[in-house]
1. Condition check: surrounded by 16 or more Cβ atoms within 10 Å (Cβ to Cβ) and either within 11 Å of chain A (Cβ to nearest Cβ) or modelled with pLDDT under 95 (or both). Does B:Arg26 satisfy that?
2. Based on what the data block shows, is A:Tyr93 closer than 30 Å to A:Leu173 by Cβ and buried (at least 19 other Cβ atoms within 10 Å of the Cβ)?
3. What's the number of the condition A:Lys65 fails, among (1) surrounded by fewer than 19 Cβ atoms within 10 Å (Cβ to Cβ); (2) in a loop (DSSP other than H, G, I, E, B); (3) among the charged types (D, E, K, R)?
4. Condition check: outside any loop (DSSP other than H, G, I, E, B), among the hydrophobic types (A, V, I, L, M, F, W, C), more than 10 Å from chain B (Cβ to nearest Cβ) and crowded, with 23+ Cβ neighbours inside 10 Å. Does A:Met326 satisfy that?
5. Taking the residues in region B:1-13 that are within 14 Å of chain A (Cβ to nearest Cβ) and surrounded by 14 or more Cβ atoms within 10 Å (Cβ to Cβ) as candidates, determine which candidate is nearest to B:Asp72 (Cα to Cα).
6. If I go through region A:248-289 residue by residue, how many of them are within 12 Å of another protein chain (Cβ to nearest Cβ) and surrounded by fewer than 22 Cβ atoms within 10 Å (Cβ to Cβ)?
7. Mind counting the residues in region A:298-311 that are surrounded by fewer than 19 Cβ atoms within 10 Å (Cβ to Cβ) and in contact with a helix residue (DSSP H, G or I) (Cβ under 7 Å, 6 or more places away or on another chain)?
8. Would you mention how many residues in region B:48-78 are under 18 Å from B:Pro24 (Cβ atoms) and buried (at least 18 other Cβ atoms within 10 Å of the Cβ)?
Amino acid sequence: MTHYSLFTLLRNAFSGHRHWDRAWRDAEPQESYDVIIVGGGGHGLATAYYLAKEHGITNVAVLEKGWIGGGNAGRNTTIIRSNYGLPGNIPFYEWSMKLWEGMEQDLNYNTMVSQRGVLNLYHSDAQRDAYARRGNMMRLHGVDAELLGRDQVQAMAPFLDYENARFPIQGGLLQRRGGTARHDAVVWGYARGASDRGVDIIQNCAVTGMLRGPDGSITGVETTRGPIRAKKVGLSVAGNSSRLAEMAGLRLPIESHVLQAFVSEGLKPVIPGVITFGAGHFYVSQSDKGGLVFGGDIDGYNSYAQRGNLPTVEDVCEGGMALMPMIGRARLLRSWGGIMDMSMDGSPIIDHAPVGGLYLNAGWCYGGFKATPAAGWCFAHLLATDQPHETAADFRLDRFATGHVIDEKGQGAQPNLH
Amino acid sequence: MRIPCPYCGDRDSQEFVYRGDAAPVRPSDPAEETEFFDYVYLRENPAGPIDELWYHAQGCRNWITLTRDTRDHAISAARLTSEGKSA
């Protein structure tokens, strides 16, 4: 593999960029592997990368039904942050943030990690108190958080509607280390690192069934490119976890819902970081190309259609207009929909499945992108050692049966509101 | 998406509140914990036709059981939930 550096860039520039090596191998499936990871998104490829790099397990295949990064890894709003509140969540997301911070050096790939801050606005005294509490919980876990007053927010973002009659902005909770990363580059960076260490990345290979041993445990998968055997099979297929689990005879505490995201035409730099509306559901950042990238609520009913409906488009844009009326003249360029694994408590699952040989990485709801590095790290740890990683030990599948749910929102068992 | 309310006719889905999958049925007392776990948390989550509950909050205020395909939102049946599953 070519090490990317200023020197290789210059050398290839002088030869017209015609001699770059391929970043990763498009492999053909072999008969068997030590580990099969189903799902060639950010999570699956990160898992393969850390299996190879941290655990020395390189006889690994990543199976992808389409092209890598073509699912939710290519359908998000690229926000990274670790501003969670509950003890089961904070160490995990903070570990993810630390991995983001070292990712480009580690992967030798420009994933465009940009820590330009995530600002959650508050609009009432009660919300300020709730944010102060969340900020304190974060700081107790060693995560950065600052509670800003209105003047401080106004200095950062003068374009917001501070005098909105219904939702005046009182201030915000800021995580300066949050920001955005380039989603496609994350996928390709992990693919390159994994492929270089011997992992087979197999595209256009949809899993259609599970192979079972005499004791009922999973010994491989049936695919559109033939059966492939493996000692361990890991599912990393957000949106379709229930479908894959069904092949193994399981039902999960998950529903699939569609989440839309949007991008405007390119504008001059105007929005400094990530800004979220506290009185509705709207989050926005500006990409390096200048487009405003934003999103809001899920459509609200079960869906496997990778597209959303107009009422949610209207709802999200109304939220944006209430927060920053200046965007009213920007035209919407594109919108897209991704299928989310909405779990029953809003938190993910990284655990053994109750069937031998099968492992789950599922239930990421909205939050899968920011978790990409740590989800890969922790899922690789589980696959390699059969023990949960310490930062993901609470993401158990049986927590719903035992009552140890991680309900960040405190709303009870409800998959279609989060 | 428009929902064919059996009482009001075709109406915009914005008039309705979504309750979700109609399949889980509350276990009758006395029930085991595992039955309640199943009822509260586990879902078939089908990619295809699903029976689900919608409440016509801004209309006739009936509960409606809708059969909708989760892949393309095509609605194949709608009935008042109060009329039971046989209708």
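1. For B:Arg26, the condition - surrounded by 16 or more Cβ atoms within 10 Å (Cβ to Cβ) and either within 11 Å of chain A (Cβ to nearest Cβ) or modelled with pLDDT under 95 (or both) - is not met.
2. Yes.
3. Exception for A:Lys65: condition (1).
4. In short, no.
5. B:Met1
6. Number of matching residues: 2.
7. Of the residues in that region, 1 qualify.
8. Selection size over region B:48-78: 8.
The values are calculated or read from the model by the stated rules, or taken from the named source; none is laboratory data. All figures in this text were calculated on a predicted structure; none of them were measured in a lab. Cβ sites come from the backbone with ideal geometry, for glycine too, and all protein chains shown count toward neighbours.
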